[in-house]
Each structure stands twice: as structure tokens, then as C-alpha cells.
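Below is one structure, written out as C-alpha cells; comments come after it.
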Amino acid sequence: MTQHYKSDPESKGAHLDRVSQRLQYADFPPQVILETTAGCNIHCSHCAHRIMERPQGWMKMPLWRKIIDEIAQRAPHTEVWPTFYGEALTLKYRLFYMIQYAKRKGLTNLVLNTNGTLLDEEACWWLIDSGLDRFIISLDGFSKEVFEKVRAGADHEKVYANVNRFLEIKRERGSHTPIVECQFSMMDENEHEAGAFREYWIGRGAQVKTREKLTWTGAVDAPNLSEQVRRHPCGWALRTCAIHWNGDMVACAVDYEGKFKAGNLENATIHGLWNTAHRRMERIHMERRWEDLPAPCRSCKDWQVSGTAQHNKPAVEPALAVAGV
């Protein structure tokens, strides 16, 4: 479970060698991350949102429809996340409509991430019925003390009750979707709870995703990321199209301030920007011309985390057992 957390530079380098071998150019991004809102209701210790300086807003519906229409036409199986640097459930009904629109257009790989604080009964029912494909709930702590230290502003009992209720409703409905992943970002404060966290949530029918702590392009201290690991091409830069709420396409999923902008989707297309300005950045990564990288990439160490997340699944998903499958 923790083999990549603070692992020695040689083993991490060997793992990243294998990740790099799978990277290749794509005509359309395999993953699109859409910032439906930049606002968040909690202040996690390991997230750069608490120091973010760019304006916060929410994506307007005409832009959302334009982006979704392009994805539906070109690559409906692309993994699409209607969330980036904010808590999407703060939008509630607007978010529900956005998901509904995307599913109606034929998108088949829709993934939502939430902190679970606003996952009330109505949201549970709606998300289960929406056709959402995967639902990631970031928790990062098992005990009340650790959870509330890492995820400042969130209430441990309330969030855990919300997630358990979601799983309960999913079982009652016998629903296959969404697949639920409880996420645990590994760090010094919570490393000792990883085993208990995994056992608890797998026992309740959720998958568990464990990943390393990020620096968010240097904004947060992450001692697990080492200067001694030899540089590799970044999986996020080559696989992920990240779009801020105002339409800016930025470097990747950790470019929280938008220091690199390929262009704006109000007057461009994903396909167009991905194959021009963004492709030039990809080529620099693939050719290992590190000194030519744009500023946010040059000093970033978060490429060490790309492709290292670990997933644990329950032996039998309870929802399927209830459905008699």
C-alpha cells in the first residue's frame, strides 16, 4: 500500500521508467478536467487552494455545453472530471444539470471528486440516478483528530455518515454505478492510519485509492518527493487537459494558478489547443529537454506522483450482491 511513499530514489525511478514507457502522444486528451467552480468550503493542509490568488468563479453554462459538445463529438469515452480546484457540490442543482447534460450527450466516463461535506440525502439520490460513472470522495484520515487536522473545516462524523449513507442507498438501489472510491492522500500526519482506512472502507463496499502528497507546483511541502529521483516525462502533461472555470486551458492538473495557458476555450477548441500550444509543451517533455519547459513545469516535482496511485477493491461489491448479479 505504501510502497511509493517516501520510497528510495532508485525504486521510484524504476517505477517511473515503466510509467514513462506507456506515455504517447494523443490526438485528443485521454483525460479532461473541467473546473465547474473554483470555490471551496474547506481548507485542506495539503492543498494549494488556500493560497490560490487567481479569481474564483464558476463555469457558465454556454461554455460547459460548448466543451461537452466537442468531447461528445470527438471522443465520448474520454475521462471527464467536472471538478478541479473547488468543491463541485457547492453548485448543487447547477452541477446536477451539468452532469445530466454530459450523460445525455453520450459521455461514458464521467468522474466526480468531492470532499463529502455537502453529500446530503438529496445529493446521494441524484448522483446515483445521474449515470455518473465514478465517484471519488477525498477523506485523507481515519480518526477524527487526523481527519479534521488535514481537512480543516470538515466534520469527521458528518462526512463519514454522508459517505456511509451514499453507499447504503447505492446498495438498496442495487446500482452498479457510480463506482465509489474513498481517497487517501498519504503524508506524515496520516500515514499510520492507511491500513485502518483501507480496511474500513473496503469492508463497506467502496474501493480505496491511495496516492502520494503533491507540492502543487511547489506551493506545498511534500518531503516524499525527492530531488534525487531522475527526471521523467510528466504523465499529467501528456494525458490531461485541465480547464479553469473561465475557459483557460492550463498546463496540467496541478497548475492551480494557471501559470501556463495554451489558450481559452471561449474562442478555441480543445482539439485545436491540444495539438498546437499544448503539443509543443508535450514534445519538450517527451524529448527530455527539461531546461526548455515552461516555468510551472521546470521546478515542479509532482511528475513523481503521476501514475503511482494504488487502488484496492472489495472482493464483492455489495450493490451487486443485493441486485442478485
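The values are calculated or read from the model by the stated rules, or taken from the named source; none is laboratory data. This structure is a prediction, so every number in the text was calculated from the model and none was measured. FYI the Cβ positions are ideal-geometry reconstructions off the backbone, even for glycines, and counts take in every protein chain you see.
Overview of results
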item	result
Pairs, first surrounded by 18 or more Cβ atoms within 10 Å (Cβ to Cβ) in the stretch 113-139, second part of a loop (DSSP other than H, G, I, E, B) and hydrophobic (A, V, I, L, M, F, W, C), C-beta under 6 Å, six or more apart	ASN115/ILE42; THR117/ALA154
Residue match in the stretch 269-282 (condition: modelled with pLDDT of 90 or more, touching a His at 6+ places or on another chain (Cβ under 9 Å), surrounded by fewer than 16 Cβ atoms within 10 Å (Cβ to Cβ) and of a type in the set (D, E, K, R))	no
The stretch 295-325 - residue that is assigned to a loop (DSSP other than H, G, I, E, B) and buried (at least 17 other Cβ atoms within 10 Å of the Cβ) and, of those, modelled with the lowest pLDDT	GLU317
Near pairs, Cβ below 7 angstrom, 6+ apart or cross-chain, from the stretch 230-243 (part of a strand (DSSP E or B)) to any residue that is aromatic (Phe, Trp, Tyr)	CYS241/TRP274; ALA242/PHE84
Condition met for ALA262 (modelled with pLDDT of 80 or more, at negative phi, in contact with an Asp or Glu (Cβ under 9 Å, 6 or more places away or on another chain) and not in a helix (DSSP H, G or I))	yes
Qualifying residue in the stretch 7-25 (condition: aliphatic (A, V, I, L, M), modelled with pLDDT under 85 and in a loop (DSSP other than H, G, I, E, B))	yes
Residue among ARG198, ARG165, ARG171 that alone is of a type in the set (D, E, K, R) and in contact with a strand residue (DSSP E or B) (Cβ under 7 Å, 6 or more places away or on another chain)	ARG198
Among (1) modelled with pLDDT of 90 or more; (2) surrounded by 20 or more Cβ atoms within 10 Å (Cβ to Cβ) - the single one THR215 does not satisfy	(1)
Only listed residue being modelled with pLDDT of 90 or more, under 21 Å from TYR25 (Cα atoms) and surrounded by 20 or more Cβ atoms within 10 Å (Cβ to Cβ), chosen from VAL208, VAL254, VAL250	VAL250
Any hit, the stretch 81-98, residues being surrounded by 20 or more Cβ atoms within 10 Å (Cβ to Cβ), of a type in the set (S, T, N, Q) and either in contact (Cβ under 8 Å) with a residue 40 or more places away in the chain or in contact with a Gly (Cβ under 7 Å, 6 or more places away or on another chain) (or both)	yes
Pairs with Cβ under 7 Å, 6+ apart, first in the stretch 43-54 and farther than 16 Å from ARG151 by Cβ, second of a type in the set (Asp, Glu)	MET52/GLU257; GLU53/GLU257; ARG54/GLU257
All positions within the stretch 43-78 that are surrounded by fewer than 18 Cβ atoms within 10 Å (Cβ to Cβ) and not in a helix (DSSP H, G or I)	HIS43, SER45, GLU53, ARG54, PRO55, GLN56, GLY57, LYS60, PRO76, HIS77
